[in-house]
Amino acid sequence: KAGVTQTPRYLIKTRGQQVTLSCSPISGHRSVSWYQQTPGQGLQFLFEYFSETQRNKGNFPGRFSGRQFSNSRSEMNVSTLELGDSALYLCASSFTANTGELFFGEGSRLTVL
Amino acid sequence: DAKTTQPPSMDCAEGRAANLPCNHSTISGNEYVYWYRQIHSQGPQYIIHGLKNNETNEMASLIITEDRKSSTLILPHATLRDTAVYYCIVRVALSNFGNEKLTFGTGTRLTIIP
């Protein structure tokens, strides 16, 4: 069974640009969560989707957005990139909406110059 | 979510049992204890979780004290591949309104020594 797949794995952007990251959950999983990991702040929750609906949102500015498609694949978008957005963005999937057992992908490492 | 306290780092000899403590003195009755680990440059990996009873799976054992204020993750025979940051998380079980986020702390950096 394939794991959570995130693309791209690495990318470099410049300030002011926007970026879209993609996440394909494990087959059959309907919940997708996104986390940001930085050396200074650690792992922080961004948002969570279940059945194409955002069910939970972390404390991030509106420049961070996401969506989920009918096949459970998810994308997150960051607009007007800032240097501080450089981070590892992790996607996690789970079968149900009420579980703490998440399966994480290997992440997309974003560098903003 | 209740706050957890873990030692920042620990060493363990290869082949020995690694015992990772976690304090969660403000845990509520409906909060579970979860353990994850993150090996360098990879996404976190779920290890085990429990509510009040001790739990064991193929990866580890989880011992929760009777008052639920602390727990210990036990890796019975540590190998070099167990070197990672281990996170202890407490999480409330919601009903049907979405997945409660996991609040990761700073974790314990476990180093397995050959």
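The values are calculated or read from the model by the stated rules, or taken from the named source; none is laboratory data. These numbers were taken from a predicted model, which means no experiment stands behind them. All Cβ positions, even for glycine, are placed from backbone atoms using ideal geometry, and neighbour counts span all protein chains on display. For the accessible areas, the whole protein counts, side chains as well, though only heavy atoms, and no ligand, DNA or RNA atoms are used. Shrake-Rupley method; radii C 1.70, N 1.55, O 1.52, S 1.80 Å.
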In square angstrom to the nearest 100, the accessible surface buried at the B/A interface, both sides summed with a 1.4 Å probe, amounts to 1700
Quick calc, chain A, dipole around Cα centre from Cβ unit charges on Lys, Arg (+) and Asp, Glu (-), nearest 20 debye, gives 140
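Mind ranking A:F50, A:F64 by accessible surface for me, highest first, 1.4 Å probe?
A:F50, A:F64
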Farthest towards the positive end of the dipole of chain B, among B:I113, B:H49, B:A84 and with Cβ unit charges of +1 on Lys and Arg and -1 on Asp and Glu, lies the Cα of B:A84
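Output the direction-averaged projected area (hull surface divided by four) of the convex hull of the alpha-carbon atoms of the protein assembly as shown, in nm².
12.5
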Checking A:G58, A:G100, A:G42 against a Gaussian network model of chain A (alpha-carbon springs below 10 Å), the top fluctuating residue turns out to be A:G100
Pseudo-spin-label distance B:N53 to B:K69, built 7 Å along Cα→Cβ, given in nm, is 2.5
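Averaged over peptide B:42-55, how many Cβ atoms belonging to another chain are found within 10 Å of each residue's Cβ?
The shielding value for this peptide is 3.
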Here the convex hull volume per residue of chain A, taken over Cα atoms and given in Å³, is 92
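Counting only other chains, what is the mean number of Cβ atoms within 10 angstrom of the Cβ of each residue in peptide A:48-56?
Mean shielding by partner chains, rounded to a whole number: 3.
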From highest to lowest solvent-accessible area (probe 1.4 Å; ligands, DNA and RNA excluded), B:H77, A:H29 read B:H77, A:H29
Heavy-atom accessible area of B:M59, protein chains in place, probe 1.4 angstrom, given in Å² to nearest 10, is 60
Per segment B:32-114, sqrt(5λ) over the Cα gyration tensor eigenvalues, sorted largest first, in Å, gives 23, 17, 11
Output field shielding_mean for A:101-108 (other chain Cβ, 10 Å radius) holds 4
